[in-house]
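What follows is one structure encoded as structure tokens, with my remarks underneath.
Nothing in this text is a laboratory measurement; each read-out follows from the coordinates by a stated rule. Because the structure is predicted, anything quoted here is derived from the model rather than measured. Here the Cβ is made from the backbone with ideal geometry for all residues, glycine too, and neighbour counts use every protein chain on show.
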Amino acid sequence: MTTDAHRLFSASVGRTRLGDSATSQLIGRHAVLVSSRDPRSRADHGRITVLRTALAALADGFERVSVFHLRPETTPVEDLAPNASFDHLESTRPTRLGHAVRAGVFGHHSLNEVAGIDRTQITGMVEALGRSGVDLFVLDGTRAAAALPALGAAPSLVDLDDLLSTRYRAWADLPFDEMPYSIFGTKPASRANVVARIMRPLLPAVLRQEARAVATIERDVASRATAVSLVSAKEAAQFSARVSRPVDVLPMAAPSAPLTCWSSPSSPRFDAVFLGRVTHMSNMAALNWLGRKVLPALTHGLGRAPRIGIAGASTPAVDSWLRSLGLEPLGFVDDLEALFASAATALAPQVAGGGLNTKVLDYAIHGVPVVGSSHAFAGLLHSEECPFDQADDPVAFADAVARLGSDPQHARESGRAGREHIEAYYRPTDIKARWTATFAAVIDHSERPNGSR
């Protein structure tokens with residue numbers, strides 16, 4: 001048997017059954033996860049958290065799990081699937097195109113064209129496994145969804161995570177001085193240079209074109225896949241209406257709760273902290289708004305310059321930009337408990353975008369009081385019940401931060417309520433059960449004569 005797959009991991013997984021009907025339907029079944037994500041990566045924490053949840057659910061439910069990676073440098077770590085034994089099969093062929101190729105920018109306006117990027121790898125994977133020997137293909141994102149044309153009628157679930165088309169449209173509507181750096185690579189710190197001036201009238205049009213291109217791919221995915229899913233309940237409802245079919249809500253599970261819950265520090269190092277990959281477009285737009293609009297109001301309210309720590313992967317140029325805004329870059333931080341223990345509150349000032357803000361789960365599970373925008377909380381399950389401090393006006397946002405810092409009792413109560421909300425709706429066992437039920441429903445759908453679901 002030959003294959004052009006870069007890495008194929010076949011696992012015979014031993015586990016303790018959950019005992020529910022959905023899990024019992026998966027006994028003796030074989031699932032394949034197709035992904036281009038590195039589970040160990042620090043660059044895309046939210047997406048990797050979803051991938052970890054999906055792998056854990058697959059390992060809990062199926063007798064055999066195979067993970068196929070589209071990126072040759074990517075190797076999953078075994079602890080993502082407890083009790084799994086992986087066999088590593090290496091390919092002798094390198095990929096033709098780098099993983100940085102993005103469909104919309106290069107004019108790939110249909111899934112068939114995107115599939116050309118990874119056709120060799122995907123065809124080899126399908127030939128190696130045999131469609132008839134696989135009960136379910138789980139495709140991680142639009143890049144992995146390039147496998148759909150090669151799968152034919154095989155049962156498939158495409159997890160889109162969030163709608164990139166929605167993000168691009170939202171970014172295109174931002175005032176230029178609030179935009180994150182563009183797909184052309186212009187950094188906020190260079191906004192005043194000649195390149196930025198030339199791009200000023202072009203960037204919104206380019207982003208809208210990108211949104212249209214990606215929306216076409218998203219619709220194509222919805223028309224081909226047996227099922228599609230998103231992490232946000234709000235976006236799932238919107239996408240379902242757009243494509244006229246059900247869309248599953250499959251979020252990431254909350255991280256494990258720390259042994260010691262946050263307690264309002266008497267002399268915090270930071271008035272607030274922000275957690276997230278700083279070079280991510282949504283985070284850059286959020287930090288730009290935080291520094292330019294919220295920080296002056298907070299300085300006025302406190303009567304002093306506040307200290308706001310920014311924790312996350314960054315670059316020297318972006319760190320310089322953060323300092324110019326009055327924010328303190330901390331780089332990547334491994335010890336979140338220590339980070340949160342040094343702060344009076346945590347921030348989620350998203351101004352655009354969609355999906356589910358993983359930082360909110362991280363903050364809340366540690367018991368840290370959170371101040372965020374409506375965009376930051378919109379993707380949460382039962383968002384109407386969110387106990388977090390919410391504000392979209394910069395002055396109101398600053399007032400909420402100041403109040404939490406000056407009222408320890410309120411801060412502790414807010415942190416406790418946030419933790420209870422996340423524990424109620426994002427408990428790992430419950431989220432894995434949600435994924436498992438969807439796996440079973442997709443397989444059941446494919447095996448019905450009329451294909452009803």
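Summary of values
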{"quantity": "Rh (Kirkwood; distinct C-alpha pairs) - region 293-344, Å", "calculated": "12.1"}
{"quantity": "For region 248-255, 3J(HN,Hα) per residue [Karplus equation, 6.51 cos²θ - 1.76 cosθ + 1.60, θ = phi - 60°, Hz, x = Gly/Pro]", "calculated": "7, 9, 10, x, 7, 7, 5, x"}
{"quantity": "Ranked by how many other beta carbons lie within 10 Å on average, peptides 424-430, 288-294 from highest", "calculated": "288-294, 424-430"}
{"quantity": "ARG245-ARG212 FRET efficiency (beta carbon distance; Förster radius 22 Å; 0.05 resolution)", "calculated": "0.60"}
{"quantity": "Semi-axis lengths (Å, descending) of the ellipsoid that matches the C-alpha gyration tensor of region 272-425", "calculated": "22, 18, 15"}
{"quantity": "Listed peptides 243-256, 273-286 by packing density, highest first (mean Cβ within 10 Å)", "calculated": "273-286, 243-256"}
{"quantity": "Paramagnetic reach from SER342 (point 7 Å along Cα→Cβ, amide N under 20 Å) across region 293-315", "calculated": "305-315"}
{"quantity": "Two-decimal Rg to Rh for region 358-432 - Kirkwood Rh, Cα set", "calculated": "0.98"}
{"quantity": "Estimated distance in nm for a label pair at ASP334 and ASP407, the labels positioned 7 Å out from Cα along Cα-to-Cβ", "calculated": "3.9"}
{"quantity": "Inter-label distance, nm, simple model (7 Å from Cα along the C-beta direction), GLU420/THR299", "calculated": "3.9"}
